[in-house]
Amino acid sequence: MGKISIQYHATHEDILEFISALDERYVVGKVILFPDFKVVEVGKEAKAAEIEDADMLVISKSNIQQSDDYNSFIKMQDNNLVIRLGKEHDNKLYESSMFVWTERELDNDFVKIIKSFKKQMRRGAWVLNPNSGVKKYYNNLLYTDRARQAYEKGVTICSIAGWNLFELTNDDKML
């Protein structure tokens, strides 16, 4: 069994640019979890309005298998690239993640895609606990240039869960 995953901050514009750069053999679908579970093919040339309500995107080399519920759907995504989209709303940008898992050997194309995306990101940020005021530098936080620009314009950079906030300052490094 194999798995590769990364967590990062990226805007939806970054994600749309990422999927539009994929070649023609890939199928892209969006997954909506609430209020009703739904999977809809959106294609590589999706626009921002098409993924605004998405919780996840799935990228596959074949048709994306359908299911009526999340648990069985995720089990069917063996060796597909899944992107959990961090929400962008109320002047906040939440953390996203990307992963591939399989019972067999990982699809080398998806491994290369994830590694290439990761190399385009910056690394390192200050983590702030707003409740205690404790601040610590975290070297492994990944984020895109657009996420950094959003931060510089006043967007709050939030963790995937919990209350910690991130400060994307000039202390960062390119991978």
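The values are calculated or read from the model by the stated rules, or taken from the named source; none is laboratory data. Only a predicted model underlies this, so the values are computations on that prediction, with no experimental measurement involved. Please note: Cβ atoms are built from the backbone with ideal geometry, for glycine as well, and neighbour counts cover all protein chains shown. SASA here: full protein model, heavy atoms, side chains in, ligands and nucleic acids out. Shrake-Rupley method; radii C 1.70, N 1.55, O 1.52, S 1.80 Å.
If you go through the stretch 155-168 and pick out every residue that is open to solvent by 40 Å² or more (accessible area, probe 1.4 Å), in contact with a strand residue (DSSP E or B) (Cβ under 6 Å, 6 or more places away or on another chain) and either at pLDDT below 80 or hydrophobic (A, V, I, L, M, F, W, C) (or both), you end up with 1. For the criterion of being surrounded by fewer than 18 Cβ atoms within 10 Å (Cβ to Cβ) and under 30 Å from VAL155 (Cα atoms), HIS12 fails.
Return yes when MET56 is surrounded by fewer than 14 Cβ atoms within 10 Å (Cβ to Cβ) and either touching a strand residue (DSSP E or B) at 6+ places or on another chain (Cβ under 8 Å) or aliphatic (A, V, I, L, M) (or both) and no when it is not. Spelling it out, it is not the case that MET56 is surrounded by fewer than 14 Cβ atoms within 10 Å (Cβ to Cβ) and either touching a strand residue (DSSP E or B) at 6+ places or on another chain (Cβ under 8 Å) or aliphatic (A, V, I, L, M) (or both).
Residues in the stretch 27-46 that are farther than 19 Å from SER72 by Cβ and exposed (fewer than 15 other Cβ atoms within 10 Å of the Cβ): GLY43, GLU45. For the stretch 87-106, a residue qualifies if it is at pLDDT 95 or above, in contact with an Asp or Glu (Cβ under 8 Å, 6 or more places away or on another chain) and of a type outside the set (Phe, Trp, Tyr), and exactly one does: VAL100. The condition of being open to solvent by 50 Å² or more (accessible area, probe 1.4 Å), part of a loop (DSSP other than H, G, I, E, B) and without any contact (Cβ under 8 Å) to a residue 60 or more places away in the chain holds for only one of GLU17, GLU24, that being GLU24.
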